[in-house]
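Structure, as structure tokens:
The values are calculated or read from the model by the stated rules, or taken from the named source; none is laboratory data. Here the structure is a predicted model, which is why all the values come from computation and not from measurement. For neighbour counting, all protein chains shown are included, and Cβ atoms are generated from backbone atoms with ideal geometry for every residue, glycine included. Surface areas here come from the heavy atoms of the whole protein model, side chains and all, with no ligands, DNA or RNA. Shrake-Rupley method; radii C 1.70, N 1.55, O 1.52, S 1.80 Å.
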Amino acid sequence: KFKLLSSKMLRSQSPDKEEAEKLSDLAKDEKENDKEFETKVETPFVGDYASFAGLNYVVLQGVGLVVGLDGTGGDPPPSVYREVLADDMRRRGIDDPETILRSRDTALVIIQALLPPTIRKGEPFDVDVRVPDGDTTTSLNGGWLLETDLSEAALVPGQGVMKGHILAKAKGSILITTGEGQSENTGLKVRGTILGGGTAETDRDLRVQLRSDYRSVRQSKRISDKIGQRFFAYNESGLREPLSKALTDQTIELKIYSRYKDNYPRYLQVIRNIAFRESQVARHVRMEKLKAQLLDPDTTETAALQLEAIGNEAIPILKTGLKH
């Protein structure tokens, strides 16, 4: 009897145990499904679809004439640089450039500069000048560089100096090292810097580049519109103008927002975190999550960027972070 009772009890418990295991497995499956669902409905951001271009410095070069030297100039040797400068002087209406070039009070110099990203037309930047090798000039001290065009240029053997579009101009007083303790080293005196001597002739705007697998006219326009809703400016007529414009199916022109002028990397971080295809309800739910994440050291940086990307609507939440 005891054996029979034990056998019945074991058989009666077995289905319950199997049922419990099934429920446990079902709960795990539902949890996994929830995770998959969350991944699918997760808010996409601009950074998921695009990257940025126009962040590089553009190398500019020019050949110019320094005047005002006190007998420390020299007659530049025959070279493509001399030919370029002589031709430029003739275009400016100087009848006898060779006489000026031979003067001991002038010097031929090569100007080099880096045109920074996001610079606007009319803004200044520094330029470097140097006397080319083989020149007899001994010092540029006290010299003044006459206005010179700067462009992307390359020296091609057999073809001379190949120039691109004129992107800037340079002029001004040359600052050279004093060479203290190295008075015999004339190499220090034949190169210098003109602080703020360059002036941009064009605006350097950034570019948003759509990834190849998302490339389309419609997608480019939609992303441009999203960025333009967050960042815009007002023209002279007081009309609102977005700072982004779709140029092609892959390229969006992006102007710098004034408050980010001196910190454009932050500007790009915020744009990467602009939500794409998000309803008002979804935004509200996400903002509630961001409110909690803002106060968590592990997630506060990402949360702050996403809230900044939302804009004015997120200001009250960001203010709570200032007190934490």
In segment 144-195, residue modelled with the lowest pLDDT [restricted to those that are outside any strand (DSSP E or B) and either closer than 21 Å to Pro117 by Cα or of a type in the set (A, V, I, L, M, F, W, C) (or both)]: Leu188
Glu278 fails exactly one of (1) touching a residue at least 40 places away in the same chain (Cβ under 8 Å); (2) buried (at least 18 other Cβ atoms within 10 Å of the Cβ), namely (2)
Could you give every pair whose Cβ atoms fall below 8 Å, whose first residue belongs to segment 117-139 and is of a type in the set (S, T, N, Q), and whose second residue is part of a loop (DSSP other than H, G, I, E, B) and open to solvent by 80 Å² or more (accessible area, probe 1.4 Å), counting only separations of at least 6 or pairs across chains? none
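Conditions (1) in a loop (DSSP other than H, G, I, E, B); (2) farther than 30 Å from Ala113 by Cα, marked per residue:
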| site | (1), (2) |
| --- | --- |
| Gly198 | no, no |
| Arg207 | no, no |
| Lys221 | no, yes |
| Lys226 | no, yes |
| Gly238 | yes, yes |
| Arg259 | no, no |
| Leu268 | no, no |
| Arg277 | yes, yes |
| Val281 | no, yes |
Ser224, sole failed condition from (1) at pLDDT below 95; (2) under 24 Å from the mean Cα position of the chain (by Cα); (3) buried (at least 16 other Cβ atoms within 10 Å of the Cβ): (1)
Within segment 261-274, restricting attention to residues that are open to solvent by less than 80 Å² (accessible area, probe 1.4 Å) and more than 23 Å from Pro44 (Cβ to Cβ), which residue is modelled with the lowest pLDDT? Lys261
State the number of residues belonging to segment 67-76 that are over 15 Å from Ile110 (Cα atoms) and open to solvent by less than 40 Å² (accessible area, probe 1.4 Å). 3
Evaluation of Ile315 against (1) in contact (Cβ under 8 Å) with a residue 60 or more places away in the chain; (2) part of a helix (DSSP H, G or I); (3) exposed (fewer than 12 other Cβ atoms within 10 Å of the Cβ) (one fails), failing number: (1)
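A quick yes/no check of all residues on (1) within 36 Å of the chain's Cα centre (by Cα); (2) assigned to a helix (DSSP H, G or I); (3) surrounded by 14 or more Cβ atoms within 10 Å (Cβ to Cβ); (4) not β-branched (Val, Ile, Thr):
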residue	(1), (2), (3), (4)
Leu65	yes, no, yes, yes
Pro78	no, no, no, yes
Leu85	yes, yes, yes, yes
Thr99	no, yes, no, no
For Asp249, indicate whether it is in a loop (DSSP other than H, G, I, E, B) and surrounded by fewer than 17 Cβ atoms within 10 Å (Cβ to Cβ). yes
If we keep only residues of segment 285-305 that are among the acidic types (Asp, Glu) and over 27 Å from the mean Cα position of the chain (by Cα), then the residue surrounded by the fewest Cβ atoms within 10 Å (Cβ to Cβ) is Asp298
